[in-house]
1. Once the Cα gyration tensor of the protein assembly as shown is diagonalised, what are the square roots of 5 times its eigenvalues, in whole Å and ordered largest first, as equivalent ellipsoid semi-axes?
2. With a ≥ b ≥ c taken as the square roots of the eigenvalues of the C-alpha gyration tensor of segment A:533-644, please select rounded if a/c is under 1.5 and otherwise prolate if a/b is larger than b/c or oblate if it is not?
3. What do you get for trypsin sites (Lys or Arg not before Pro) in segment A:511-565 restricted to DSSP loop and a cutoff of at most 16 other Cβ within 10 Å of the site's Cβ?
4. Once you put a point 7 Å from the Cα of residue A:189 and another 7 Å from the Cα of residue A:30, both along the Cβ direction, what distance in nm separates them?
5. Efficiency by 1/(1 + (r/R0)^6): what FRET value for residue A:409 and residue A:576, r their Cβ-Cβ distance, R0 = 56 Å, to the nearest 0.05?
6. Considering every pair of different Cα atoms, what Kirkwood radius, in Å, is found for segment A:4-99?
7. Placing +1 on the Cβ of each Lys and Arg and -1 on the Cβ of each Asp and Glu in chain A, which of A:433, A:77, A:714 has its Cα farthest towards the positive end of the resulting dipole?
8. Taking each pair of distinct Cα atoms in segment A:586-733 once, what is the resulting Kirkwood hydrodynamic radius in Å?
Amino acid sequence: MTDKVTIHIDGVAHEVQAGINLLQACLNLQIDMPYFCWHPAMGSAGSCRQCAVMHYQNAEDTRGRLVMSCMTPVMDGMIVSMANEKAVGFRATAIEAIMTNHPHDCPVCEEGGDCHLQDMTLISGHIKRQYPGTKRTHLNQQLGPFLNHEMNRCIGCYRCVRFYKDYCGGDDFNVFSSRNRIYFGRAESGTLENEFAGNLAEVCPTGVFTDKPFSLKFSRKWDLATSPTVCTNCSVGCNTYTAERGGVLRKINNRHNADVNAHFLCDRGRYGYEHVNHNDRLEKPWKRNNEQQKVEVLNASSAAKQVTDWFSQGDTVAVGSARSALENNAALLKLAGKGNFYAGVTDVELEQLNLLTQAAHNLSLLSLTNIEKCDALLMVGEDVTHTAPRLALAIRQMTRNAGLDKAAKFGIKPWQDEAVRNIAQDTRSPFYALNTHATRLADVAKQNIYLPPARQLSLLLEVEALLSFPDDKDIASKEAVAIAEDLLAAKKPALVTGTNGANPQILAACIRISTLLAQKNENSGFYCATGQANTMALGILSDSNQGLDALIKRLEDKAPKTLIVMETDLYRYFSDDVLDTLLDKVTNIVVLDQLLTRTAQMADLVLPTTSYAESHGCWINAEGRLQQSFATMAAIKARLPAVQWLQSLSGCHTNEQVLAWCAQTYSELAPVQQLLETSGSDFVIARQPLRSTGRTAINAGIDVKEYPPAQDLGSQLEFSMEGVPAFRQHQLKEFTSPPTGVWSPKWNSSQGINKQLESNDSSNNNGILLFANKTTDASSNLETDKSAISSDGLSICPNHHIYADDELATYSTSIQQLIPTATATMCQAQADSLGVKNGEPVAFKGKGHSLELPCAIMPDVCEGVVLVPMQQFRQLGNKATLTTAVRSAS
Amino acid sequence: MMSQIRTLISILKHSFTKTDTVQYPEEKPYLSPRYRGRIVLTRDPDGEERCVACNLCSVACPVDCISVEKAETEDGRWMADTFRINFSRCIMCGFCEEACPTHAIQLTPDVEMGEYNRQNLVYEKEHLLIDGPGKYHDYNFYKVCGKAIGGKEKGEALNEKPPIDIRSLMP
C-alpha cells in the first residue's frame, strides 16, 4: 500500500499512492476534480463523465486523449492535464447536459447548502443555464419514515442503486427505464426494507433522497453547530457528527473513522437520536413528598445535598448504566464501592462480558475494517444486522473478497466496480451463519445453519475438536467439517458472535475456537457484539455476579436504605409484579436519568442528567476501542452529567479526575492515560461553521439583549463560531479532538471528506484500543454455568430487531413506526406440535412474570425454538418456560 | 478685501436659495419605491406567502439579524415557521432582498421605525407579512420550481413535460 508512483498533472510532478485511480489521487492531492458517480467505498462506475482529463502517451504527445480519471489507474510517469481546454470544455458540457433537467428547487430542497451537485456545478464553471427547453419530470414515491424522494432532481449517477443493491444487498430498490427517463426507486411505493437505506441521503450527490426527520426540523448546513460524537445506539461505536441549532438536535451524519464505520451508518444510529429532544426529558430535580402527596421541585444544590444526606446514612446500593459514559459509571462505582455497585445489565450478560474481557487480551479483536478484509467468517448465535447493524454491513463486504481476489488475478483493480462484479458473479468468501433462525445475511452465506442453542453448542464443540485434530472428520457432522476446513484454509479467518443471545456457553466455545484459530493463524480474529453502547465498560468495571439479577436478590434479602439508579430502566429487565414490591422496600430511591422512565417514576429523588449530546464522555465499543464523544450543545435547565451530580460524594469533580482514577485502578483502563496527557492545546475549536447565521435574532424573540455563548469547561470546543473552523482543523495535527464537521474550500457538502481521506487514515483520533497489548498467559477462566442451556425440549430464544431493541432509539417517532408487533415466532412444525395456529396466544413464564404473545409462523426458524422479542425475553429471563399454548375457543 | 466681499455676496446669495432641509415630521421627503427601509415579507399573486424559508436571506445578512425556521404544509409547500428580524441590528443594506430567490423579502421606503424600547424592534413574521406582492407583481416561485404542491402537480410548472411513465416501452 505504501508504493508510490509519480504522475504529472498539468506539468507538476506529484507522488501518489500506487494502485488507486487518478480521480482519487487528485482528490488526495487536494485538486478539485469534479465527480458524481465515484464513491470511495463503492469504487468507480464511469457513468457521469465529470472527471474527464487529457491523458498524454508521452512527453512528445501533444494531442492526448480524453479519459475519465475515475476509470484510469495511476501509472508511473503518467502525464495528464486537467486544465487542457478540451478537458475543461468537455466537463463543462457534461455538467450542462446533466443540469438541463434539474429543477429550480434549491430554495426548497433539504440538500441545498450541503449539496455535492451545487459544489460540482460551480467548480465546473456552469453558472448560467442556456437550455430553454422543457424539463422532464417524475412522480415521487413514499419510501417510509426515513427518506424523502424527489426524483425530478436526479442526475442519473447510479450511486443510490449501487449502494442499495450492490453494497447493502437490498432487493426492493432498483433502476427503471432508460436514458433521461431513468428512474430510481421501488417497484411501488413502500418503506425501504434495508437497514442502511438512510445512507442514501448522504450517498445521493443531490436532493433525490433526503433525511425526512431532519426535514421536519430543518436547518441549513451552515447553521448547524456540529461536534464529533460516538453513536450510542449499539456496541459498534460508529463515529457520528451530531448537529444542533437552537438547543434542538437536528441531524446525525456519518463521521469517517477508517477503523470503525468508514462511510456508512445504520438507520438506528442515524435516526435514533430523538430522545434528546423528547418531551419526556427531565428538566429539574424532583423530590417525592409522600405526606403531602406531591412532587417538590428542588434546586441543584439542595438536590445534591439530599443525596449526600441519604448517602451518609450508609447502606447505599448503586446501579450503573450501559447507556451512560464510562466516567459516570466509574464515578458511581467509586462512591458506592465495588461490593455495592451493580452493573445495569443482566447477570447472564455480565457473565459473558467478564468472559470476554478476561479473554480479550489473548484474542485479536477485529475492527470493522479488518472484518471487511477477512476471507472466511463464522457468525454464531445472533443476527448482527439487528444487534450491531454496521457489523453486518462489514460482513457483507467481507464475502466479496473471494471475488475481488479472482478479479485481481486478471489485473482488475478493486475499484473497477462493474468489472469486478462481472468477474466475481456469485464467487463469495465462505461465510457461515449459525443461528436459531434466518439472518438478514442469509443471501450471502455459504451455508445457513439453523439450530437450537444446545445443538449450536455441540456443533461448535465439533468445530473446536476439528481445529485441534483436523483429521477426525468421520466423527463430526458435515457442517462442522465444512466450517473447520474453511476456517483453517483461510488467510484471515474470523469468528463473529455476540452477547445478545444470552448464552455464556456458546460465547465460551467461540472464545475457545478463536483462541485455537489464533494459535494456528496469527491473522485470525474475533468480534463479539455486546448489548449496548457501553456494556463493555461495565464488563471492565464490575465483577461477575453483580448484575441486575443479583441486585434483585439483594433487594429480596435485605433491602438497602438508599438505592441510586443511574440511567437504567429496571422495568426493562423485570416485570412490574417483581419490581413494584421490591422497590417499595427501599427507603430512598435516587434515580439519575435523562428521561422519565418507569424507574424514574418510582423514585423519591430524580436528578436530571444530560444526554450524550450535552456531555463529554468516553465510550468503549465491543472491540475494546475507547472513543471520546464531545458535547454538541450546552446542558440547559438543571441538567447535569452524572459525574457532576455525584462530584461531592465521589471526590471527582471533572471527567479527567474520574479517568485518572480509572487508569490507576483498572489495568485494562491504563491506556486512558494517553487521553489525559494529550489534552490541553492552546487552540480553541469552533462548533459552529464559519457562516453561522441569525446570531443576533435567534433568541431576540425572548430577549433582544445578546448574551455570551455558553462556556464549555470540559473540552477545547466552543459553543460558538470562535476558534479554528472545521475546514482547517484536519490540516493541523496538534488537535486532540476530531474535526467538528466536514468542510473543504469550495466543497460545502459532506463529500468534502473524500479530499481528506488520506489524512483521516493516519489521524490518531480513531480511538484507543484497550486490548491491543497481547498477553501470553492464556489462563482465562472459561467456566460457565452449564445449566443455562436446556438440552432437551423447547428453547425460548430472543428475537432481535434493529428498531425495537434499543431503549433510547425507540423514542424516535420515525423508528417507532417500524417496530413490529411482538409475537412468539416459530416454524410451522413447531406450531403444530404445540397445537397453536397463527395468531393464537402462547403463554410464557419466567422470573416471576408471565405473559402471552400471539403466535406467528415464520419459515427458517429451527424446530425446538420459540422466538420471543428481546424486550419480552429480557423480562422473562433466559430460563423462561412456555406454560401453555392456549387454543382459542373458535 | 475683495475676497471678504465675495464671501459675503456668496453667503447672501445662499439666503435666497431653496432649502434642502424640510420640517420633518410635519413635512416628509420623497423616498423612491426602491429606497431601502423597513423590510416586509410579500405574498405571491395568488395570495400565498412567498417565503419558503430557504435561509438565503439570513446567510446573506452581514449582521446576522434574520432568523428563519422552516415548516412544511401537508401538501409539500415550504414556509417560514418563524421569521424574525432584529431591526435594532439591521443596517438596511438590502442584501437579503438580493439573495431572496422568491422575491419574498423586500425593502420598503418606510424608515420611521424609532422605538424607545429596543425589544420592540424585534419583528416577527406576523409583523413583517403584508398582503400584496410588493415591487414584483407577477413572480410565483412555485410555478417555476419542480416540487409538487397542492394545486400544482408534477409536470404542471413552467417549462415542464408531463411526468414520465417509467413502464412505457415507447422510445
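Derivation of every value follows stated rules applied to the coordinates shown; laboratory data play no part. Keep in mind the model is a prediction, meaning the values are calculated, not measured. Cβ: placed from backbone, ideal geometry, glycine included. Neighbour counts: every protein chain shown.
1. On the way: eigenvalues 561, 307, 164 Å².
Values for the protein assembly as shown, descending: 53, 39, 29 Å.
2. On the way: a/c = 2.45, a/b = 1.37, b/c = 1.78.
It is oblate, given that a/c is not under 1.5 and a/b is not larger than b/c.
3. Working: sites: A:512, A:520, A:553, A:554, A:558, A:561; in loops: A:558, A:561.
In loop regions of segment A:511-565 (DSSP not H, G, I, E or B), the sparsely surrounded trypsin sites (Lys or Arg not before Pro) are A:558, A:561.
4. 4.8
5. Values: r = 62 Å, r/R0 = 1.11.
E(calc), rounded to 0.05, equals 0.35.
6. Values: mean 1/r = 0.0750 Å⁻¹.
The Cα-based Kirkwood calculation yields 13.3 Å.
7. Among A:433, A:77, A:714, the one farthest towards the positive end of the dipole of chain A is A:77.
8. Details: mean 1/r = 0.0554 Å⁻¹.
About 18.1 Å, per the Kirkwood formula over Cα pairs.
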